[in-house]
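Please treat every number below as a calculation from the coordinates, not as lab data. The structure displayed is predicted, hence computed values, not measured ones. Note that we place each Cβ from the backbone using ideal geometry, even for glycine, and neighbour counts take in every protein chain shown.
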């Protein structure tokens, strides 16, 4: 199954709460209990990441039986991002080490006005 495509807007200085659900072609959630997840945001494919998320640092949470993967990035983290665009993706790693790219696309960081 090919990864989904989703263009994401990150609001500088605001909490990033975004949820994705992995489903099979019939629409049933895939059980991802014991999986880990990681995501990276880069200005372009060859550059260093401006933001790295993972289940290890609790910026990604997984609700296994429901197939839900949720970003939870605090406002104190997004406050340091600069306006711009780039690319991102989200990968899931099964307990046996199989890596699946779930979703990815472009991102835009919008400037915060109120500080």
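A few comments on the model shown:
- Full-extension gain in nm, residue 112 to residue 75, via 0.36 nm per residue minus C-alpha separation: 12.2 nm
- Put a dot 7 Å past the Cα of residue 5, heading toward its Cβ, do the same for residue 82, and the two dots end up 2.8 nm apart.
- Computed extension gain for residue 66 through residue 45, at 0.36 nm per residue and net of the alpha carbon distance, reaches 4.5 nm.
- Expressed in Å, the radius of gyration and Dmax of the Cα atoms of region 68-107 are 13.2, 38.
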